[in-house]
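Visitor: Mind looking over this structure? Questions follow.
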Amino acid sequence: MRVLRYSLILCAVLAVASCATPEIPYDRAAENVKTIGIIEPGLPDGPTVVLASTVGQSFGLVGALVDAGLQAARDSKFQGALDDASYSERERFVASVKIALEMRGYVVVPVSATRAKATAFMTKYPPKADANVDGYLDLVVGNYGYVSAGIGDSTPYRPSMSVRVKLVRADDAKVLMEDAVVYNPVGPAIAGARAVTISPNPVYSFKDFDTLMGDRADAVKGLQDSVDQTAQTISTLLK
Amino acid sequence: MRPDARLLLLGFMAIFLSACAKSIDVPPTTVISGRSCAAQFDISSARDIALNGKELSVSVDANSPCTTDQASASSLYSSFLLPASEREYFVSVVSNPVGSGLLSPRVIMLDANGSKLREVPRDAFVFHGSALYLGVRIRTGERYLIVASDPATVGQEISQTFDATQSNVYAAGPVFVAVHSGSSMTKTEIYSHTGSLTITAQPLP
């Protein structure tokens, strides 16, 4: 299970940025969407602190199991740091997207809806009459946390986040916009992939995990910055 | 020497020499000088875009047509004839880096007479890695798409950090071992009037 989760974490970023996600552009003037309902986003269980290339990767299943154990330990410690700081990625993300869209002139309301899977878009959207909005913004966070490309000072841990986003018309669930946004894409398959990418803020980099955990305040700020930049980029797609 | 051994040797030499070759940096164009630019876009040499999802690669260079606006700001541009279609479709516009330069684009939509219908500004573009990308839905009546350099942003620098992973295979006696490592690179580009575009038209899914 640990090996599977570790693999899925790495695949999350690659999958979001892969050609599997269509990019459907939005035409704001052609659609009469003034009020957007943000459906509660799908999020993974917790943050991930990924070391993208390791020695263990050269040693088959045994190496993968060791890596998975180290990964789980990092994730758990980092989650503890976020809990101590009372930080909620969900709350920050929704608030940030709301602000970014309101600055673009939209009226934004939160919408409660049951999501069948935290890793997938909604299969059915609430009836328009229930929420009184023109469109629903559906957000699925693939991963959030930190990632390092490899061992060494030249590849520090930087914030990481990937999101799939879809705007649908409330009347008939027609897809008005769909895309993927990846903050700090790391990996071999990102170049040329169909995803909007955001270069990581150089202010938030930590040479190793101990340094990341030693500066928890900045570690949280780095996450917040990745959320805010992702939210701004989503609003650009709906400009 | 046997012919296949000679071929192998030539192959290795080619790889070795290409690895040693220095890449030539094409400097960005931040000033349009010595040109007399028209006020209107010239659509007579617009390139056809097919509605089939195939990429059309175009270079915008110092010899590309230029236009000057009312504020006397000049742009280089490339024009495209949009396909006529009953089906809704969109066009992807990608500005690819060339050397240290990146064409800073904006998009202008014209009708069949060449009159301006709307402009999609530079800040609507987003990054796909080191390239700038825009997806734009085509509206009824839009017949030409112009990709022009944006004088307001040309000359500005943009720095981006790219972290990546790679695998190298090494022989260790009778076995091969894959060694995985990471790398980080900061790339600085200068917004330019010239560059490389990739244009694609495809139906909306």
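Visitor: Need one number: the % of Cα-Cα pairs in the protein assembly as shown sitting beyond the 28 Å mark.
Guide: Percentage above 28 Å: 57.
Visitor: So what is the orientation-averaged projected area of region B:70-114, using the convex hull of its C-alpha atoms, in nm²?
Guide: 4.9 nm²
Visitor: Which residue, B:Q166, B:Q156, B:Q40, tops the fluctuation ranking in a GNM of chain B built on C-alpha contacts under 10 Å?
Guide: B:Q166
Visitor: Compute the label zone of A:S76 within region A:32-50: residues whose backbone N is under 17 Å from the point 7 Å along Cα-to-Cβ.
Guide: Once the point is set 7 Å along Cα→Cβ of A:S76, A:45-50 turn out to lie under 17 Å by backbone N, inside region A:32-50.
Visitor: About its Cα centre, what dipole magnitude does region A:87-140 give when the only charges are +1 on Lys and Arg Cβ and -1 on Asp and Glu Cβ, stated in debye to the nearest 20?
Guide: Roughly 140 debye for region A:87-140.
Visitor: Right, next: For peptide B:123-132, compute the average count of partner chain beta-carbon atoms within 10 Å of each residue's beta-carbon.
Guide: The shielding value for this peptide is 5.
Visitor: Which residue, A:A118, A:A68, A:A129, tops the fluctuation ranking in a GNM of chain A built on C-alpha contacts under 10 Å?
Guide: A:A129
Visitor: Next question. Can you give the average number of partner chain beta-carbon atoms within 10 Å of each beta-carbon in peptide B:153-161, as a whole number?
Guide: For this peptide, the per-residue mean of nearby foreign Cβ atoms is 2.
Visitor: Against the empirical 2.2 N^0.38 Å scaling, what ratio does the C-alpha Rg of region A:15-87 come to?
Guide: 1.74
Visitor: Return B:C37, B:C66 ranked ascending by Cβ neighbour count within 10 Å, so the fewest neighbours appear first.
Guide: B:C37, B:C66
Visitor: What size of dipole, in debye to the nearest 20, comes out for chain A about its Cα centre when the only charges are +1 on Lys and Arg C-beta atoms and -1 on Asp and Glu C-beta atoms?
Guide: Roughly 360 debye for chain A.
Visitor: In nanometres, what is the gap between the two model label sites at A:M103 and B:S59, each 7 Å from Cα along Cα-to-Cβ?
Guide: Once both label points are built, they end up 4.0 nm from each other.
Visitor: Grab the Cα-Cα distance for A:T35 and A:D218, subtract it from 0.36 nm times how many residues apart they are, and report the gain in nm with one decimal.
Guide: 62.4 nm
Visitor: Along the positive direction of the dipole of the protein assembly as shown (beta-carbon charges: Lys, Arg +1; Asp, Glu -1; about the Cα centre), which of B:V58, A:I198, B:S115 reaches farthest?
Guide: Going by the Cα projections, it comes out as B:V58.
Visitor: Going by how many other beta carbons lie within 10 Å of each one, how would you line up A:L176, A:L137, fewest first?
Guide: A:L176, A:L137
Visitor: Name the most mobile residue of A:N143, A:N32, A:N201, meaning the one with the largest mean-square fluctuation, in a Gaussian network model of chain A with Cα contacts below 10 Å.
Guide: Among A:N143, A:N32, A:N201, the largest GNM mean-square fluctuation belongs to A:N32.
Visitor: To the nearest 20 Debye, how big is the dipole of region A:19-87 about its Cα centre, given +1 on the beta carbon of each Lys and Arg and -1 on that of each Asp and Glu?
Guide: With only Lys, Arg, Asp and Glu charged at Cβ, the dipole is about 120 debye.
Visitor: Identify all lysines with a Cα-Cα distance to A:K239 below 19 Å; exclude those on the same chain that are fewer than 8 residues away in sequence.
Guide: The reachable lysines, counting only those whose Cα sits under 19 Å from A:K239, are A:K34, A:K98, A:K166, A:K174.
Visitor: Taking beta carbons within 10 Å but only from partner chains, what does the mean come to for residues B:108-119?
Guide: Partner Cβ neighbours, averaged per residue: 0.
Visitor: Right, here's the next one. Rounded, prolate or oblate: which one fits chain A, using the alpha carbon gyration tensor with axes a ≥ b ≥ c (rounded when a/c is under 1.5, else prolate when a/b beats b/c, else oblate)?
Guide: It is prolate, given that a/c is not under 1.5 and a/b is the larger ratio.
Visitor: Moving on. May I ask what percent, to the nearest 5, of DSSP beta bridges between residues of the protein assembly as shown are antiparallel?
Guide: Restricted to the protein assembly as shown, the bridges split so that about 75 percent are antiparallel.
Visitor: While we're on this one: If you take the square roots of the eigenvalues of the alpha-carbon gyration tensor of region A:118-181 and sort them as a ≥ b ≥ c, do you get rounded (a/c under 1.5), prolate (a/b over b/c) or oblate?
Guide: Verdict is prolate for region A:118-181.
Visitor: At 25 °C and a viscosity of 0.890 mPa s, what translational diffusion coefficient does Stokes-Einstein give for region B:71-205, taking Rh as the Kirkwood radius over Cα pairs? Give it in µm²/s as a whole number.
Guide: Answer from the Stokes-Einstein relation: 143 µm²/s.
Visitor: Diagonalise the Cα gyration tensor of region A:78-208 and give the resulting equivalent ellipsoid semi-axes, square root of 5 times each eigenvalue, largest first, whole Å.
Guide: Rounded to whole Å, the semi-axes are 31, 17, 14.
Visitor: Given 5 Å bins starting at zero, what is the percent of C-alpha pairs of region A:150-239 in each, up to the one with the largest pair distance?
Guide: With 5 Å bins starting at 0, P(r) equals 3, 13, 21, 18, 17, 12, 8, 5, 3, 1, 0.
Taken together, the values in this text are just the output of simple stated rules run on the coordinates, not laboratory data. Everything numeric in this text was worked out from a predicted model, so none of it was measured. Glycine gets a Cβ as well: all are built from the backbone with ideal geometry, and neighbour counts include every protein chain shown.
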